[in-house]
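Visitor: A single structure is presented below for examination.
Only the coordinates and a few stated rules stand behind these numbers; no lab work does. Keep in mind the model is a prediction, meaning the values are calculated, not measured. Every residue, glycine as well, gets a Cβ built from its backbone with ideal geometry; the counts of neighbours run over all protein chains shown.
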Amino acid sequence: MPRGVILGIESSCDETAAAVVVRGSETLSSVVASQIAIHSPYGGVVPELASREHLRAIVPVVRAALAEAGLGIADVDAVAVTEGPGLAGALMVGLSYAKALAFAAGKPLIAVNHLEGHIHAVLLGMREAFAAEAEVKAGVAPLRESRGRPVLPALALVVSGGHTHLYLARQHGTSWSYTNVGRTVDDAAGEAFDKAAKLLGLGYPGGPWIDGLAGHGDPDAVPFTFSQVKAKAHRPGQRAALPRFLFSFSGIKTAVLRYVELHGMRAGIEARRRALLLMDNPKPEDAVGLCDLQTLDLIASFQRAVVGDLLRKTFRAAEELGAASILVSGGVAANRELRARFAAEAERQGVPIAFPTMALSTDNAAMIAAAAWPKFLTREFAAWDVTPDAGLRLGEDRIAATE
Ligand code: KG4
Ligand code: ZN
């Protein structure tokens with residue numbers, strides 16, 4: 001059997017990334033070139049700029065990942081690349097490059113769903129932790145338990161700037177299957193963090209800023225409420241629906257805006273925005289002194305509410321679906337309050353829970369290479385005419401099937 005060295009390439013949004021991972025369980029290198037500084041002045045990702053920056057970065061980033069792993073392209077057994085979902089132009093850069101590289105080097109190409117990648121960011125860490133169980137570590141035996149407790153099926157919350165999805169993840173031999181059991185009906189949770197931060201004159205992306213400032217305010221100061229989003233009842237003749245869990249994060253953004261207007265906070269926000277613009281590479285800590293108590297309370301209450309909503313629905317879904325464990329991944333999984341509260345609730349309920357490392361929470365290519373390993377084992381290779389799919393879904397979609 002080949003050694004299972006996979007070169008992963010990721011370019012779905014605003015990070016150009018490449019990584020070398022062996023058998024979905026050992027990371028030899030993981031290089032991420034962030035475009036934050038490019039998009040920061042616009043307060044969001046500008047698709048045309050993202051594509052151009054990917055074009056600039058892709059060759060040096062892939063070279064750096066191979067060099068850090070001490071390998072050449074000839075040593076790689078397959079090239080894995082993000083096929084979607086994401087920005088079409090951004091995906092095109094990574095996919096075209098990966099195709100050309102794999103074709104020229106005579107290596108198979110593996111197309112990976114970005115969302116599956118996020119789930120495998122957690123599994124990669126779990127496999128690394130299973131050092132004693134060589135076969136599990138190598139990804140060739142099922143991932144059954146964590147500290148003696150079963151982990152499958154797992155409920156995976158993928159919560160990022162573009163997605164808030166719940167999947168029931170199962171393993172069949174070495175292959176994985178996913179059933180989509182929850183999603184947002186409007187904004188993603190990370191988008192709510194980004195929009196709230198922008199509204200309050202903070203930096204981009206907003207998540208780390210809110211995370212950094214929330215600890216300085218009172219999370220109970222502003223009562224935010226989440227309305228329950230009702231899933232449509234399934235019609236006669238349709239397949240019986242699994243329970244479905246719907247999120248909605250556009251309301252809280254409007255509530256923050258209303259709070260700002262009602263409490264005359266505009267001038268303070270403008271002053272903060274200008275002060276941060278004058279700083280060279282400002283960090284969330286730099287903004288503490290620029291926020292009055294009312295702002296800090298608003299930030300803390302916002303984060304408390306968003307994390308609370310994610311937590312309640314995720315744990316309810318895990319219970320109703322009989323999940324043996326919970327996996328949390330995506331950029332918002334880097335949030336400290338989210339990690340602490342999810343870990344505490346899991347402990348209280350006796351449910352195993354796992355997060356990716358901080359570096360693997362946000363977009364990276366190690367997760368793409370890790371997700372490709374089961375596909376490598378079953379020789380699920382992409383055709384040379386594969387094209388990016390900006391709206392690619394993951395797994396069986398129980399939600400769409402019943403709406
Ligand atoms: O997974 P990711 O890098 O890209 C997407 O696939 O969207 O996630 C980026 C998102 C952004 O919305 C960012 O604000 C959010 O993750 N994020 C956070 C934190 N770090 C990143 N949100 C809350 N707290 C954080 N510490
Ligand atoms: Zn992502």
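Visitor: Please compute, over every Cα-Cα pair in the range 42-118, the percentage with a separation greater than 20 angstrom. Working shown, then result.
Guide: Working: 1044 of 2926 pairs.
The answer is 36 percent, as a whole percent.
Visitor: Viscosity 0.890 mPa s, temperature 25 °C: Stokes-Einstein D of the range 284-397 from its Kirkwood Cα radius, in µm² per second?
Guide: Numbers: Rh = 17.4 Å.
Calculated translational D: 141 µm²/s.
Visitor: So for the range 249-356, averaging the separation of alpha carbon pairs under 8 Å that are six or more residues apart and normalising by length, what relative contact order in percent results?
Guide: Numbers: 46 pairs, mean separation 23.7, N = 108.
Reported relative contact order: 22 percent.
Visitor: Sorted from fewest to most neighbouring beta carbons within 10 Å, what does the list Glu320, Glu345, Glu337, Glu261 look like?
Guide: Numbers: Glu320 13, Glu345 16, Glu337 19, Glu261 10.
Ordered by Cβ neighbours within 10 Å, fewest first: Glu261, Glu320, Glu345, Glu337.
Visitor: Something else now. As a footprinting exposure proxy, order Trp209, Trp176, Trp373, Trp384 by other Cβ within 10 Å, with the fewest listed first. Intermediate results must be reported in sequence, preceding the final value.
Guide: Working: Trp209 25, Trp176 21, Trp373 28, Trp384 9.
By the 10 Å Cβ count, ascending: Trp384, Trp176, Trp209, Trp373.
Visitor: Which ordering of Leu115, Leu290 is given by a fewest-first count of other beta-carbon atoms within 10 Å? Before the final figure, lay out the partial values.
Guide: On the way: Leu115 28, Leu290 20.
Result, fewest neighbours first: Leu290, Leu115.
Visitor: Give me the Kirkwood hydrodynamic radius of the range 265-311 in Å, from all C-alpha pairs, to one decimal place?
Guide: Details: mean 1/r = 0.0840 Å⁻¹.
Across the range 265-311, the inverse of the average 1/r is 11.9 Å.
Visitor: Next up: Please report, for the Cα atoms of the range 1-99, the Rg to one decimal and the Dmax as a whole number; what are they, in angstrom?
Guide: Gyration radius and largest Cα-Cα distance of the range 1-99: 13.7, 49 Å.
Visitor: While we're on this one: Read phi for every residue in the range 185-202 and hand back ³J(HN,Hα) as whole Hz from Karplus 6.51 cos²θ - 1.76 cosθ + 1.60, θ = phi - 60°, with x for Gly and Pro.
Guide: 8, 9, 6, 7, 4, x, 5, 5, 4, 5, 5, 5, 5, 5, 4, 9, x, 9
Visitor: Return one quarter of the surface area of the convex hull spanned by the alpha-carbon atoms of the chain, equal to its mean projected area, in nm². Intermediate values should be presented prior to the final figure.
Guide: Numbers: hull surface 81.0 nm².
Projected over every direction and averaged, the Cα hull of the chain covers 20.2 nm².
Visitor: A follow-up question, please. Report the relative contact order of the chain, percent, no decimals, based on alpha-carbon pairs under 8 angstrom and at least 6 residues apart.
Guide: Details: 851 pairs, mean separation 106.5, N = 403.
Computed value for the chain: 26 percent relative contact order.
Visitor: So, one more: Size of the dipole of the range 280-403 about the Cα centre, Lys and Arg at +1 and Asp and Glu at -1 on the beta carbon, nothing else charged, in debye to 20?
Guide: The calculation lands at about 400 debye.
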